[in-house]
Every structure is written in structure tokens, then in C-alpha cells.
1. For residue 178, project a label point 7 Å along Cα to C-beta. Then give me every residue of the range 137-171 with its amide nitrogen under 19 Å of that point.
2. Could you bin all the Cα-Cα distances of the range 4-147 into 10 Å bins starting at 0 and give me the percent of pairs in each, rounded to whole numbers?
3. Using only the alpha-carbon atoms, how far is helix 113-141 inclined from the longest principal axis of the chain? Give it as 0 to 90 degrees, nearest 10.
4. Once the cut-off is 19 Å, how many percent of the Cα-Cα pairs in the range 98-177 end up in the long-distance tail?
5. So what is the 222 nm mean residue ellipticity for the chain from helices alone, if each DSSP H run of at least 4 adds -39500 (n - 2.57) and you divide by all residues, rounding to the nearest 500 deg cm²/dmol?
6. What distance in nm separates the two pseudo spin-label positions at residue 72 and residue 141, each 7 Å out from Cα along the beta-carbon direction?
7. Restricting to Cα pairs below 8 Å that are 6+ residues apart, what does the relative contact order work out to for the chain? Please round to a whole percent.
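Nothing in this text is a laboratory measurement; each read-out follows from the coordinates by a stated rule. The shown structure was predicted, so the numbers you read here are calculated from the model rather than taken from an experiment. A quick note on method: Cβ atoms are made from the backbone with ideal geometry, for glycine too, and the neighbour counts reach across all protein chains shown.
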Ligand code: FE2
Ligand code: FE2
Ligand code: FE2
């Protein structure tokens, strides 16, 4: 069982990831309706990466059997695709600069190796999400759909996110083989 502070970090991170997952699916619907199919694809792909993160954090808590109140920060105020991308950027920025670096330190200080891995994997993917959403917003603000060369790939073990025609042989973050990389 993880120690209490690590436990709190895991449940909060699970809450944040769960909300990000849902926000991105909802944002994908709007992007589709507004005629940005690639932005919709990006939202759906990254939603899956957040599901992977949520699953990893959730599984670290398998010894619990209790209700917990979760306080997790998330940006609210849905709008059109440009605004939804802005919210996505805010959320990813928060995770990259505040949430995961702190949670990672908590897990490290407490010697919670499994939680540390879970936070590290998420942090690495969020940095990429942030860049992709920034790029998408630049296109959308010019009235264009984002240009994506090939497919968006998500590692189903760690959530690593990358673009390419073919999957990588091995995930550079967790080492999972290409048959574990989901295509969008
Ligand atoms: Fe995430
Ligand atoms: Fe993310
Ligand atoms: Fe991976």
C-alpha cells in the first residue's frame, strides 16, 4: 500500500487524468463538428493517452478498498475549438510545470518506486501533449486544420505520444514493442 502522501498524489492524479480524458473526448466532438478532423483525431488520441495514465495511477492503488474525496485541478469553460485547445494547453502546462514534478518528488522521497514510474511516464507524455496542442492552436487560429504527417501513435503502456507513418519498434519511454502502440 503506498504511503499516505503518495496515495493522495495518486488519487489526485487519477482525478486529473480522468477529467482530461473526458474533456478531450468532448473537445473532439466539437472539433469534428467545426470541420477540424485532424484536431478531433488529436483530441481522441491524447484522450486515450490520459486513459493510460489514469489506469496506471489507478492500478497503483489496488490494495485500497475505500471511498476517497479527490481534489484535482482542471481548467473549465468549454467553447469552440480554439478555446478548447487553450484549455487543453492550460491543463497540460499545469501538469508539466506544477503537478507531476511535485508528485514525482513525493513518490521519490517516500521510496514509492511504482508511483514514481507512473508519474514519470505521465510527465514525459504531457510535455509532448503540450507541444502538440500548441501547434494545433496555431493552425486553428489561422482557420486551418492541423497538418499531421501520418498517424498519431499512443503507447498503451505509458501513454507516450508520437507522430509517424509507422509505429516505432520500441517505445522510447517504457520499451513496449510496436504491437502495443495504438494508431489514430
Ligand atoms: Fe496524462
Ligand atoms: Fe496530457
Ligand atoms: Fe511506452
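1. Backbone N within reach: 149-171.
2. The calculated distribution, bin by bin, is 13, 43, 28, 13, 3.
3. So the helix axis and the longest Cα principal axis differ by about 20 degrees.
4. Result: 48 percent of Cα pairs exceed 19 Å.
5. Roughly -20000 deg cm²/dmol at 222 nm, from the helical runs in the chain.
6. If labels sit at residue 72 and residue 141, their model points lie 2.8 nm apart.
7. On the way: 277 pairs, mean separation 45.4, N = 184.
Once normalised by length, the contact order is 25 percent.
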